Amino acid sequence: QVRLVESGGGLVQPGGSLRLSCASSRSLFTFHVMGWYRQAPGEQRELVALITNDGSTNYADSAKGRFTISRDIAKNTVYLQMNSLKSEDTAVYYCNGRPQDYWGQGTQVTVSS
């Protein structure tokens, strides 16, 4: 069993930044793709950003230009740098590893003045 543990969430004002971390208990190469997803209250979980084994990235339209997904292979950690945060970014953010479809427990991000 692989564990994914998210951290870095919190309360931030609109326009602020946060960096989320997802630490894997095993090598990132255990997965073909790692991603960040989010779920707002009353909404379905949605994709935010993906990073593949070869380092290719993909972003939801809402994240393009503001969020950056990256990884530190030596630390078995994937990051999500979020800038220019908006109130609509408020959600629980989850880390996911595929194809096994492992999920972390989530970290709350609240954007509010």
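The values are calculated or read from the model by the stated rules, or taken from the named source; none is laboratory data. Small disclaimer: the values here were computed from a predicted structure and weren't measured. Here Cβ is always computed from backbone atoms with ideal geometry, including for glycine, and neighbour counts include all displayed protein chains. Accessible surface areas use protein heavy atoms only, side chains included; no ligands, DNA or RNA. Shrake-Rupley method; radii C 1.70, N 1.55, O 1.52, S 1.80 Å.
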| Which residues, counting only those in segment 38-65, are assigned to a loop (DSSP other than H, G, I, E, B), within 26 Å of Ser27 (Cα to Cα) and of a type in the set (Ser, Thr, Tyr)? | Ser56
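Residues checked against (1) over 17 Å from Asn96 (Cβ atoms); (2) loosely packed, with under 15 Cβ neighbours inside 10 Å; (3) not charged (D, E, K, R):
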| position | (1), (2), (3) |
| --- | --- |
| Gly8 | no, no, yes |
| Arg19 | yes, yes, no |
| Ala23 | no, no, yes |
| Met34 | no, no, yes |
| Tyr37 | no, no, yes |
| Pro41 | yes, yes, yes |
| Leu50 | no, no, yes |
| Selected residue [of a type outside the set (Asp, Glu) and loosely packed, with under 12 Cβ neighbours inside 10 Å] from Ser62, Ser113 | Ser113
| field | Residue list for segment 66-82, restricted to those being more than 13 Å from the chain's Cα centre (by Cα) and surrounded by fewer than 15 Cβ atoms within 10 Å (Cβ to Cβ) | value | Asp72, Ile73, Ala74, Lys75
| For Gln100: the one exception among (1) modelled with pLDDT of 95 or more; (2) open to solvent by 50 Å² or more (accessible area, probe 1.4 Å) | (1)
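Looking at the structure I just gave you, is Pro41 modelled with pLDDT under 95, within 21 Å of Ser112 (Cα to Cα) and more than 11 Å from the chain's Cα centre (by Cα)?
Taking the combined requirement at face value, the residue satisfies it.
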| note | Going through segment 66-102 in order, the residues found to be closer than 16 Å to Met34 by Cα, assigned to a loop (DSSP other than H, G, I, E, B) and touching a strand residue (DSSP E or B) at 6+ places or on another chain (Cβ under 9 Å) are Asn76, Pro99
| query | Taking only pairs six or more apart or across chains, which ones have beta-carbon atoms under 8 Å, a first residue in segment 77-89 that is closer than 24 Å to Val2 by Cβ and among the aliphatic types (A, V, I, L, M), and a second residue that is open to solvent by less than 30 Å² (accessible area, probe 1.4 Å) and outside any strand (DSSP E or B)? | reply | Val78/Leu28
